[in-house]
Each structure stands twice: as structure tokens, then as C-alpha cells.
Amino acid sequence: MADAIFEDPRLAAVYDALDPDRSDLEVYVALVADELGARSVLDIGCGTGTFAIMLADRGLSVVGVDPARASVDVARGKPGADRVEWHVGTADALPPMRVDVATMTANVAQVFVDDAAWGAVLAAAYERLRPGGMLVLEARRPERRAWLEWTPEATRQLVDVPHEGPVEDWVEVTAADATADGGAIVTFVSPTVFHRDGHRIDSTSTLRFRPRKSIERSLLERGFDVVEVRDAPDRPGREWVYVARRP
Ligand SMILES: C[S@@+](CC[C@H](N)C(=O)[O-])C[C@H]1O[C@@H](n2cnc3c(N)ncnc32)[C@H](O)[C@@H]1O
């Protein structure tokens, strides 16, 4: 079960409006389509489908998968969505395929808190890549402790959403625990208030901040070669972008 923020239909419907600046994804389109020259892509944790549709618009063959049905329903309703193959579920339940590139954008990699789930999604990506295919993922750097900035004061916003009216949301961290590998597990609540009718939905999320050495090790353990770890061009110093190859 994904978090309410992705799974609840009313929250999924306002997700894009509350986070409209997706210039972060242009970096990944350039990496996947231009630099790696992919013709086929599996987007794991596709959410409301923005990235999958951007790739399909470039003529790539795209499969998007996410366990949050409400988010995938939003994706299916977007212009260009008919050019993407959508799946509700986890990557390990996908049918066999041989794609050039698998992606996990917008810190999808951090939703896998326990090591078994993390290993399972890496294995699922590996199995669905062609030999020589690439896995591209991003993850926040734990040493930057981004969660210290996730306060109600710093994050509160009020957005006028078409068909919904004013919608307010903010973030509040409820726990941040260090892990033995030098990373952290952070839990936060993100309330959303629909001013039109006063309805409030609290979504709770937990993210794992794995250090670079842990992510590199888990990629190697799953059979990947780590080709490159680069600074995220849109968030320099805050995130790493991992590019790993299935030999
Ligand atoms: C921060 S959103 C990013 C969505 C999308 N990649 C984007 O760039 O907008 C994280 C996504 O991970 C999804 N997710 C949660 N658990 C997952 C799992 N086990 N496998 C794949 N995706 C998962 C959530 O449903 C959500 O859509």
C-alpha cells in the first residue's frame, strides 16, 4: 500500500498542482533519451506519469508502474497517456520485458525502507533490462539532512487548484532515526486541507536515506556494474544520480 498522498484519489488529483515545477525531469529525459540513447524505458514508481509521458512524447516506448492506483489513474487521464503502457503494482509483478533503461526518478528509491524490499526492486529492474541496459535512479544524500528543512513554517503553501479551489499543505517530521550504515530513516506527516469543504487528509510517509556507499554496494550485490555516480544537476550537492549497467 503506497502512502495516502499517492493512493488517495482526492490527493492524487492535486499532486501535480501542488508540485508543478518538474524541471527536475528534463534532466532525466536528456540523460535517458539523448545520452543513453534509450528506445525503451521502464519507469518504476511512475506516480502521476509526468516523466513516462515526457519520454513517450519523445517517441520512446515506455512502461510505467506504480502500486498507487489513484496516481496511475491520474496518469491515464493525461494527454499522451495512451502511448504509455501503465501497470498498477510493484515492479516484481510486471511481465517479462527487455528494456534499454529502467528509471526511478524523484527519490522513488527512498520509499524502499527495508533491505529486502530494496533488493527486490533492484532485482526486478535487473531482470527487465536487456544485457547492457542501464538503471538510473536518484537518492538524496543523507549527510545533507534535508529533513531538517521539512518544517511546517518552511513548507506550508496555499495553492489555488482548478476544480478544487484553495488547497493548503505542509510537512512535519515526526521521527528521524540514524541507521547503522550512516544513513537515516525519516517519517513525516503531510496534511492537506481542502478549504472548499474543510476536508483534511493526513498522509504519513517514511523514507530511507541510504549513503552512497550503501547504494553502490546494493547495486553490486544485485549484479549491476556502477557506471557513474553524478551530482544531480538540478539539485547540486543534495542528491546523487546513480547510473548502473546490467552486464
Ligand atoms: C515521490 S513519488 C515520485 C513519482 C514520480 N516518479 C515522479 O517523478 O513524479 C514516489 C512514488 O513511489 C511510488 N511507490 C511507493 N511504493 C512503491 C513500490 N513498492 N514500487 C514502486 N513505486 C512505489 C509511490 O506510489 C509514488 O508514486
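Quick rundown of the values:
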{"read-out": "Selected residue [of a type outside the set (Asp, Glu) and closer than 29 Å to residue 32 by Cβ] from 162, 96, 152", "value": "96"}
{"read-out": "Some residue of the range 229-239 being more than 19 Å from residue 31 (Cα to Cα) and outside any loop (DSSP other than H, G, I, E, B)", "value": "no"}
{"read-out": "Residue pairs meeting the criteria (Cβ under 6 Å; at least 6 apart or on separate chains; first more than 11 Å from residue 41 (Cβ to Cβ), in the range 79-105; second of a type in the set (D, E, K, R) and near the ligand (Cβ under 10 Å from one of its atoms))", "value": "88/69"}
{"read-out": "Qualifying residue in the range 163-179 (condition: among the acidic types (Asp, Glu), modelled with pLDDT of 95 or more, exposed (fewer than 14 other Cβ atoms within 10 Å of the Cβ) and under 24 Å from residue 213 (Cα atoms))", "value": "yes"}
{"read-out": "Wholly enclosed strands (runs of 3 or more DSSP E) of the range 100-199 bearing at least 2 residues in the same structural domain as residue 41 (by TED's automatic domain parsing)", "value": "129-140"}
{"read-out": "Subset of the range 37-59 that is within 23 Å of residue 118 (Cβ to Cβ) and not β-branched (Val, Ile, Thr) - its residue that is surrounded by the fewest Cβ atoms within 10 Å (Cβ to Cβ)", "value": "47"}
{"read-out": "Flag for residue 204 being farther than 14 Å from residue 109 by Cβ, surrounded by fewer than 18 Cβ atoms within 10 Å (Cβ to Cβ) and free of Cβ contacts under 8 Å to residues at least 60 places away in the same chain", "value": "no"}
{"read-out": "Residue within the range 88-95 that is in contact with a Pro (Cβ under 7 Å, 6 or more places away or on another chain), within 9 Å of the ligand (Cβ to nearest atom) and on the phi > 0 side of the Ramachandran plot present", "value": "yes"}
{"read-out": "Residue list for the range 201-225, restricted to those being in a strand (DSSP E or B) and either touching an Asp or Glu at 6+ places or on another chain (Cβ under 9 Å) or more than 15 Å from residue 14 (Cα to Cα) (or both)", "value": "201, 203, 204, 205, 206, 207, 208, 209, 225"}
{"read-out": "Condition check for residue 60: more than 16 Å from the chain's Cα centre (by Cα) and either in contact (Cβ under 8 Å) with a residue 12 or more places away in the chain or within 12 Å of the ligand (Cβ to nearest atom) (or both)", "value": "yes"}
{"read-out": "Check on residue 139, farther than 21 Å from residue 21 by Cα and among the small types (Gly, Ala, Ser)", "value": "no"}
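The values are calculated or read from the model by the stated rules, or taken from the named source; none is laboratory data. The shown structure was predicted, so the numbers you read here are calculated from the model rather than taken from an experiment. Methodologically, a virtual Cβ is constructed for each residue, glycine included, from the backbone with ideal geometry; neighbour enumeration extends over all protein chains shown.
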